[in-house]
Structures are given as structure tokens and as C-alpha cells.
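The values are calculated or read from the model by the stated rules, or taken from the named source; none is laboratory data. Because the structure is predicted, anything quoted here is derived from the model rather than measured. Every residue, glycine among them, receives a Cβ derived from its backbone with ideal geometry; neighbour counts consider all protein chains shown.
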Amino acid sequence: MKIFTVDPEKCTGCHQCELACSFNKHRVFDRQLSNIRVESIEDLALNVPVKCMQCDDAPCIASCVAGALYKDPVTGAVLWDGDKCIGCKACVIACPFGCVSVIKKGRDTQIAICDLCSGDPECVKVCREKAINYVDETRVNKNKRERTFRKILNQKDGVV
Amino acid sequence: MAVIKPVEILTVDLSSGKSSRSQIKDPEIIKKYVGGRGIALYYLLSSLNPEIDPYAPEAPVIFAPGVLTGTYVPSSGRTSVLFKSPATGRIFKTNVGGHFGAQLKFAGYDLLVIKGRAEKPVYVYIEDDNAEIRDASHLWGKDVRETNRLVREENDDPEVQTACIGPAGENGVAYASIQVSIYNAAGRGGGGAVMGAKNLKMVAARGTRGIDVADPEKFSQTVSRLWDKMNSVSGVKPLSDYGTSIGVESTNAVGAFPVKNFQQGSIDNIEYLTGPYLVKGGFLKRKISCYSCPVACHRFVTLDEGKYRGTYTGGPEYETLSALGGGCFITDTAAIIKGGELCNILGLDTISTGNSIQWLMECKQRGVVSDEDASGLDLSWGNTETMIELIKMIAKREGIGDLLAKGLKAASEELGKDSHKWAIQARGLEQSRVETRSAYGYALAFAVSSRGPDHLNTECLAEFGGSPEARQLIKRITGSEEYAYPHTTEKRAEIVRWHEDIYGASDALGVCAFPTTAQFWVDEWDLADLFESFTGIGADASDIMEAGRRMITLERCFNAMLGYTRKDDILPYRLMNEVQHDAMHEDAVNSEQLLDIMKDEYFALHEWDIETGLPTKATLDKLGLGEFTDKITGYTELK
């Protein structure tokens, strides 16, 4: 199982992820349509990419009376069924991370949630700094342990 | 084929308080001028009396994001800012990164023209169709950081992006910058003073519209190609890891790092001025990107201990490390960062500020000025406190800061006593931190630039042959890699003209000059494919390069209408008359004879008149600029 990880210390605030998402999904550059959003405190050069966490016990799905939200059995992404949706927006309210959006497509209103691009997220491909990653669950902690290891090595200044 | 998108122009008149919209719809005009800097020049040449006082209400300041700004083309977030410079008295194009241009585009505008003069301090707030002129009395006098904080707070919107001035711009410092948000600057030429004269503290922009593309498939294929190239060239990783200061050490090693006001070509303890030291010394906290740029060459640094504890700012870039550091004989990293912070929040160009401080220090060295003239500051080389205090005095125009605030040309004329001989400026612009006596392509480029002597109309780094890609490019331009050698006049004209063309095209498209003229992963074929697939207007590489040449030619014509000719294509006195003994070759000087050899070739290549250095009527016709001939000949004779 792969999970999506975010490392805000590495994010430089280029917004490539937002643009890639919006262009890939809608063929237009519009951050309002992006399923990943970078929140910034520009004064301190702090940038945090935020997107759907693919919760196991997803509040958005639980809130949906119409049964319009369901899990992709392969990726675990929450998918939206426009035919069933009644447009009540309970899912938007339910999401604790602000990652369920209402978007306008022409006259239609749609619910937009990150679908992990069917397991090959476009946003990850354009993150040169690797602030966002889509990696195997087992890799995540290993990466962190290795990073701690490298930090200790660096502190010893060249002693390998 | 999609409908051709018109160029959307928003004009705000601060005198009348009215704003209006207009469009350029003709695809032929769009193809000729591309966008950004090109369209802005077309607008200026068509409408402006060149003799206007730069501070007159009718003199506009134009913000021109590139065609691709707001898209995911890597490194495409740039915006040109054009005005008549109070420092040079000529046309001035600056170019800035950051996120302001993208917001203008998302609001729906390709060109923002601001004219007039408000009766009291104002700021312009743009949100999609809504353009308001608002009171800025509460912002006047505030520094750039505070101004941004207040505007975001009062609009309850942290994503507002701005172009604003600090106290230096309000006080009319000749090299006051326009700061874009907090970490980027349209720094050179005194645009900040032009805004100040209009009582314009800031332009704030917020856009919520999308940008669509004529041919999405070709567009995304071209962008994929650019990613492959970006990841394979040798120069991107060092620039991303260490920022522009990656070049400091190698420049110093070849005796081309201007030290003590260009009296020396290298300095001991250079390590403290390098990108790796910003990391090692714990100064670098994060990297910062301009909009849509995966390279992120900008730095965010803080000072966590010592007497400048609590300092935080962007940079320091190569130019700042040289201008406030080596040039002043300073290698104290923390002091340079503090000086950089002050320039960024007071709204000063670091290059001109540093050159002015160095000039004053040399005035003391030569016994022309004493410490008493500078309110008792110790003007000795290397004094960090003096450097920092002078920055504040320049912004406030206090004491000797008032003299320095006039720019080096005016200041050295006022002081006299031969001080023009070490005023590192020409045509009113302080030279950027390039030792042109060690780089003859740069010398030619600086001498003929419409701006004055700096690298921001023509960066010809390739002449050093510092990377395989640079040598390959020199071979493509000249026919041989042998010409990747900066100590010769041979082929410099060809090299400079190629770089001018692609620089103009990059500016017009909003693409950063680093990919096109320093790391070489975007070329003219890429630019043409991007333009064509984005706009739906057919164009090939030669069309794109010719558009760049039109921009160079129009800027030349603008200055020609003011009476400037070949005789004004000069460099600072020191660089033309004193040999740089630290250089790697003999007779390292940009003498008049040396410049003349290159200028002859350069004018011939442009098919301009060799005697006057002015475009001929035939050349204007050939470039499709014949419509301007009558206007130009109303001011000056053309052959």
C-alpha cells in the first residue's frame, strides 16, 4: 500500500503541484480547481502542501447520505459519483483538512477530491524538491530513520 | 483551432481616479511583439513622448507579466516592469520573479499601465474585474515587510501578491526598487522613485480566473521535454542547491570578483561569501521559488545569534554578496545579510547601494572625503557598521546619505575632485558586479545596453565556457568552441546579439533568463513551441528571436529620440582607463579602442549605421518597425 507524504520543510512554494493537478484534470491552469493546495506564510517563507489524506475511516464518506462517495479498492482514494450526488455539501463540511472542494464546471457543480490520479499522482512528478511523495507505507518510516541517521553523521562533520 | 486570445490591458489613471480596459486583438501584432516586455515596448513607442520627465504624472509605469506566466512551464513566473528611469533618463526595462505577475494573469490582465499622480498616498487593489484606488496614508513611511503584512491583514487574504515601495521610493532615492512581495525586486533603474512620485505605495493583485491553452497536447509535450532537459543539464543542481552565490568562488579564483570598488579582482576569506557557506554556517533555512519554478534558486536566511539576531530576509544573491560584501572589503556574512535585509525592507537596489558606499569609502581612501563629512562614520574599507548605517541614511536621505541617494553620476558630479574616476557607473546606472575587464562579451553587452552597464538585458555567461552546455552554445553561435574564451574581441558581437535576442524573447514570454542564458535548458525552439501551442499563433524559432531583436531595436530607438548615439555606449571610467592587474590575461582594460572594435562589428551585424550606432530606416522596415520611422525621425536623423 502506498501513502502520500508531505515534508513542508522542503516545499519552496513554487505551486507546480497545483498547476499540474488543475491542468491534468481540467486542461486549464486554475488553482481553484486543484485538489492539492499550498498554504503559505510568505513572510517566513513557509509553505505547506495540503491534500486529501485518504483517511481509512473517512468522515466525508460517512457524511454522505446519497452514497456518492466510495473508496477506490486499489489506491484507497475517495472517488465521487456525480450521478448519485445530491449536492448537499455535507462532505465539504465533514472533512477536517479542508480537502473536499466544490468546483464549477460550466453550469455544473462538482465535488472534487484527490483521486491520486489512479495511483500515479501528477503533482508528485513535478515536485523537484520531493516535498510531496507517494511511497510504499513501509518506506515512510525507513526514510525518516535514514534521515535521522544522516543528520547525526553530518553533525560529526565528515566522520563516516 | 482555438480563438486567438487578445492581449488584455488595464490602465489605471491615478490623477482622474479612473481605470479602463482595452485589448490588442491583431494576431500579427501579437506575433511581432509576443507579450510582456515586447507588448509594453510597442505600447510605449506608440504612445509616449520620449522627452517626458520620468517623474511627470503622464510618465507611466507598466507591469507586464510574460505570456506563459501563471502556467506550469518551469521557471515562467516572471514579469517585466518598464518606465523611464530617473537614474538614466532613458527607457528602462526591469524584470522580476515572485508571484505578483501570476496573480495579475489570474485576474485576467497581460499588461497593467499606471499613469497619473494621486493627491495623497494610495494603493491600487486589483481583484479580477475590480480595480480600486485606495487610501494608503496608513502605509506611507512603512517598510516593505510591514506594508505587505498590513495589506494582507486588512484584506483578510494571505494570498494577495504585491509590488510595493519602501521609504527609499517615497523619498525619491534614484535607485529605489520596486519590491515584489517580500523576496523579489524589480530592483534597478529607480522604478521605486517613479512610483513614489505618483504617491503610489503599492499595487496589490488577486486573481481567481483560470488560464487556458490553445493546444494543450502540444503544450504539455513541450513542457515534458523541458523537464527532461532541466534534469539533465549540469548547471541546475548547483544553482538549486546553493543559489546564485554558487559563482562567487570561481569568479574570485580568476581575479574577476570586484573588490574595493573594482580596485582588486579577488579577496581573501572568500569562503564566507559563498553559497556552501550559507549552508555550513547555518544561515540558510529554506529555499524560495518564484511562481512555477522548480529550481528555487532564491534563499531564505536568518541570523539566530550575534548582534544582528532576529534578522530574516531573502538572498543574499551573488550581486548582494559582492556589492555589500567584497566590494566594500567586507567578508562578514552576517553583516551582509543584515545589509541585504535593510535594502529589501527599505526598498533599495543592492547593487547601486553597494557601489555608492564603495565610492564613498574610496573617496576617503583618496582624501576627498573625511569621516566628519559622514556624520563621524568610519569610512575605512571593511567597516561593517558603516555599510549598515549608510544604507539607512541613503533611504532616509540623511546627512551624506542625501548625496549618495542621487545616484553615483549626480553624486560624483556634485562632489567633483575627480571622484567620477572611481564612480562605477555609466549613463547614470551603477555597474552590476561583473568585472568586464575580464569578460569582453559582457563589456560589449554592458556598453550597448539600453539600461546602462549591467547584465540584465544580456547575460552572456556562455563566453566563459564554464559548462559543456555553454561551450556547445558558443559553437552553435560562432561555429567553434574556441570562442568560449572571454579575453578576445573576436565573435563577441555575434555572441552578444544572440543573447540579446533570446533575452528579449524570454522576457516577453515570462521565462527566467537562467534557463535560456545560464543553464541552457530552454532554447529558441522551445520558446517558439510554447508560444505557438499557448496562443495558437504559428511561430518558429526565428520568429521568436526576431521578436527579441525588435525589443532591442525599439529600446535603442527610444534612447535615440533623446539624442543618445554610439558615443554614449561607454562603460565606467575606471573600467575603460585602468588595467585590472589581478586578471588572468595581459592588458585587462575595456579601452575605447577595444570597445570600438566590438561596436563596429555589433552595429554591422544589427545592420545599424556604424557611425551613429542608430538603426537605419531600412533596418526598421526589415524588422517590420517602419510604422515608427516618422516618429523617430521627428527627434533624430536616421540614415
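Which residue is nearest to residue B:96 (Cα to Cα), if the candidates are limited to the range B:320-334 and must be surrounded by fewer than 24 Cβ atoms within 10 Å (Cβ to Cβ) and in contact with a helix residue (DSSP H, G or I) (Cβ under 7 Å, 6 or more places away or on another chain)? Quick ask: steps written out before the conclusion?
First pass over the range B:320-334, keeping only residues surrounded by fewer than 24 Cβ atoms within 10 Å (Cβ to Cβ): B:329, B:331-334.
Next, from what is left, pick out any that are in contact with a helix residue (DSSP H, G or I) (Cβ under 7 Å, 6 or more places away or on another chain): B:331-333.
Values: B:331: 27, B:332: 28, B:333: 25 Å.
Top of the filtered list is B:333.
Among the residues of the range B:110-129, is there at least one that is among the small types (Gly, Ala, Ser), within 14 Å of another protein chain (Cβ to nearest Cβ) and in contact (Cβ under 8 Å) with a residue 60 or more places away in the chain? Taking every residue of the range B:110-129 in turn, none turns out to be among the small types (Gly, Ala, Ser), within 14 Å of another protein chain (Cβ to nearest Cβ) and in contact (Cβ under 8 Å) with a residue 60 or more places away in the chain. Does residue B:236 count as away from chain A (no Cβ under 12 Å), surrounded by 20 or more Cβ atoms within 10 Å (Cβ to Cβ) and among the hydrophobic types (A, V, I, L, M, F, W, C)? No: the conditions fail for residue B:236. Taken over the range B:280-313, the residue count meeting the criterion of being more than 21 Å from residue B:388 (Cβ to Cβ) and within 9 Å of another protein chain (Cβ to nearest Cβ) is 13. Taken over the range B:323-347, the criterion of being under 14 Å from residue B:278 (Cα atoms) and among the charged types (D, E, K, R) is satisfied by B:332, B:338. The number of residues in the range A:41-92 being buried (at least 18 other Cβ atoms within 10 Å of the Cβ) and within 14 Å of chain B (Cβ to nearest Cβ) comes to 4. Suppose the filter is within 30 Å of residue B:242 (Cβ to Cβ), in contact (Cβ under 8 Å) with a residue 12 or more places away in the chain and in contact with a strand residue (DSSP E or B) (Cβ under 8 Å, 6 or more places away or on another chain); does residue A:135 pass it? Yes, satisfied.
Mind checking whether some residue in the range B:211-231 is over 30 Å from residue A:28 (Cα atoms), over 27 Å from the mean Cα position of the chain (by Cα) and either more than 12 Å from chain A (Cβ to nearest Cβ) or at pLDDT 95 or above (or both)?
Looking for residues that are over 30 Å from residue A:28 (Cα atoms), over 27 Å from the mean Cα position of the chain (by Cα) and either more than 12 Å from chain A (Cβ to nearest Cβ) or at pLDDT 95 or above (or both), one finds none in the range B:211-231, hence no.
Per the listing A:58, A:90, the residue uniquely over 18 Å from the mean Cα position of the chain (by Cα) and among the hydrophobic types (A, V, I, L, M, F, W, C) is A:90. The set of residues in the range B:596-614 being hydrophobic (A, V, I, L, M, F, W, C), within 17 Å of residue B:564 (Cα to Cα) and under 27 Å from the mean Cα position of the chain (by Cα) consists of B:603, B:608, B:614.
For the range A:1-104, no strands (runs of 3 or more DSSP E) sit wholly inside it while including 2 or more residues that are without any contact (Cβ under 8 Å) to a residue 60 or more places away in the chain, more than 30 Å from residue A:141 (Cβ to Cβ) and not hydrophobic (A, V, I, L, M, F, W, C).
The single condition among (1) surrounded by 20 or more Cβ atoms within 10 Å (Cβ to Cβ); (2) in a helix (DSSP H, G or I); (3) within 14 Å of chain A (Cβ to nearest Cβ); (4) more than 20 Å from the chain's Cα centre (by Cα) that residue B:341 does not meet is (4). Of B:603, B:531, B:558, all but one fail to be assigned to a helix (DSSP H, G or I), buried (at least 19 other Cβ atoms within 10 Å of the Cβ), free of Cβ contacts under 8 Å to residues at least 40 places away in the same chain and not hydroxyl-bearing (Ser, Thr, Tyr); the exception is B:603. Restrict the check to the range B:301-321 and report whether at least one residue is in contact (Cβ under 8 Å) with a residue 12 or more places away in the chain, farther than 30 Å from residue B:102 by Cβ and acidic (Asp, Glu). Checking the range B:301-321: at least one residue is in contact (Cβ under 8 Å) with a residue 12 or more places away in the chain, farther than 30 Å from residue B:102 by Cβ and acidic (Asp, Glu). Residues that are surrounded by fewer than 21 Cβ atoms within 10 Å (Cβ to Cβ) and touching a Ser or Thr at 6+ places or on another chain (Cβ under 8 Å) within the range B:32-69 comprise just one, B:57.
Residue selection: residue B:271 fails the criterion of being in contact with a Ser or Thr (Cβ under 7 Å, 6 or more places away or on another chain), part of a helix (DSSP H, G or I) and over 30 Å from residue A:125 (Cβ atoms).
Okay, residues lined up against (1) free of Cβ contacts under 8 Å to residues at least 60 places away in the same chain; (2) in the same structural domain as residue B:575 (by TED's automatic domain parsing); (3) of a type in the set (Val, Ile, Thr); (4) not in a helix (DSSP H, G or I):
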| position | (1), (2), (3), (4) |
| --- | --- |
| B:442 | yes, yes, no, no |
| B:455 | yes, yes, no, yes |
| B:472 | yes, yes, no, no |
| B:497 | no, yes, no, no |
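Note on the range A:23-55: residues that are small (Gly, Ala, Ser) and under 13 Å from the mean Cα position of the chain (by Cα) total 1.
Is there a residue being within 11 Å of chain A (Cβ to nearest Cβ) and in contact with a helix residue (DSSP H, G or I) (Cβ under 9 Å, 6 or more places away or on another chain) anywhere in the range B:187-207? Checked against the condition, which is being within 11 Å of chain A (Cβ to nearest Cβ) and in contact with a helix residue (DSSP H, G or I) (Cβ under 9 Å, 6 or more places away or on another chain), the range B:187-207 yields at least one hit.
Comparison of B:432, B:412 shows that the only residue that is under 18 Å from the mean Cα position of the chain (by Cα) and touching a residue at least 40 places away in the same chain (Cβ under 8 Å) is B:432. Among the conditions (1) under 29 Å from residue B:92 (Cα atoms); (2) at pLDDT 95 or above; (3) within 12 Å of chain A (Cβ to nearest Cβ), residue B:171 misses just one, which is (3). Per the conditions (1) more than 15 Å from residue A:22 (Cα to Cα); (2) within 14 Å of chain B (Cβ to nearest Cβ), the sole criterion not satisfied by residue A:122 is (1). Among the criteria (1) outside any helix (DSSP H, G or I); (2) in contact (Cβ under 8 Å) with a residue 60 or more places away in the chain; (3) touching an Asp or Glu at 6+ places or on another chain (Cβ under 7 Å), the one residue B:296 does not fulfil is (2).
Every listed requirement among (1) more than 30 Å from residue B:298 (Cα to Cα); (2) charged (D, E, K, R); (3) out of contact with any Lys or Arg (no Cβ under 6 Å at 6 or more places or on another chain) is met by residue A:128 save one, (1).
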